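The values are calculated or read from the model by the stated rules, or taken from the named source; none is laboratory data. This one's a predicted model, so the numbers in the text were calculated from it and none came from an experiment. Ideal geometry is used to build each Cβ from the backbone, glycine not excepted, and the neighbour counts take in all protein chains shown. Note: accessible area is taken over every heavy atom of the protein model, side chains too, but ligands, DNA and RNA are not part of it. Shrake-Rupley method; radii C 1.70, N 1.55, O 1.52, S 1.80 Å.
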Amino acid sequence: MKEILFALIILFTMPGFLIAQAEITAVEEIDNSIFRKDNYWRGADGAASIDLENGKILWLFSDTFIDPQGTGKRSNSKMINNSIAIQEGYSLDKGKISFYYRGKQRKPKSFFELRAKTWFWTGHGILVNDKLIIFLFEEKSIKTGIGFEAIGWYVALIDNPFENPLDWNTRYIKGSDTFGVIVGSSAVLQDENYVYAFGVKEPSTHETYLLRFINKRRPVKYRMVYK
């Protein structure tokens, strides 16, 4: 089964202009059976994947069903705000996948947590110079609309992404004000000079914005000025 996706991309630079570009992409349906083999992890939304470039794939998930009893039934599950998985190998039908979240099996907790009344949903991320960058968007409960809204974004910087995820050294950095754009909530890409983080504006207006970050050190030329 194939789906035809139409993407309207609006590139945003500061200062600069809005540039619209239309693109049509064919997407193949994937086999979800690899995500059904764990009796505790019973499904999630907001899935995104990152190539760790060592034969493994990192998966990022938002709202996640965890069955503390291990019965394999979603009806017995508790919901946490996010989780991750490590897939070994690049083939979904042959690869092995391991799921990770915090807390104990009977009392699961989100993998990425805020010590506040807000919580994290996962965006996308990228591996840069053996460091892992993951974009997270901060959500809070509200009494109107659908009951929640995005209020900002964070970056999780992981110094040791090739170790067991439960042993990751993670630093959380709160993103600056980007006028309602949740940076990194869409795809994150890179070339030899920059990391490009796409994000949508909240509340959603179906626009996608792009912020660009330098991803390597450049030589800086200084000029001495004598008076």
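Descriptive notes on the structure:
- Semi-axes of the equivalent ellipsoid for the range 114-218, Cα gyration tensor, largest first, Å: 25, 18, 10
- Solvent exposure of the range 146-215 as accessible area per residue, Å², 1.4 Å probe: 55 Å²
- Environment charge of F148, counting only residues whose C-beta is closer than 9 Å and scoring Lys/Arg +1, Asp/Glu -1: -1
- Shape of the range 60-183, Cα gyration tensor, a/c cut at 1.5: oblate
- Calculated from the alpha-carbon coordinates, the range 58-130 shows an Rg and a Dmax of 13.8, 42 Å respectively.
- Theoretical gain in end-to-end length, E163 to S91 [0.36 nm per residue, Cα-Cα removed]: 23.8 nm
- Separation in nanometres of the label points that stand 7 Å from Cα toward Cβ, at A47 and N215: 2.4 nm
- Gyration tensor (alpha-carbon) shape descriptor, the range 44-93, a/c threshold 1.5: prolate
- Among the listed pairs K109/K201; K109/K174; K107/K140; K56/K94; K37/K117, those beyond 24 Å (Cα-Cα): K109/K201; K37/K117
- Across the range 52-61, rounded Karplus estimates of 3J(HN,Hα) from the backbone phi angles (6.51 cos²θ - 1.76 cosθ + 1.60, θ = phi - 60°) give 7, 6, 10, x, 10, 10, 9, 10, 10, 10 Hz, Gly and Pro being marked x.
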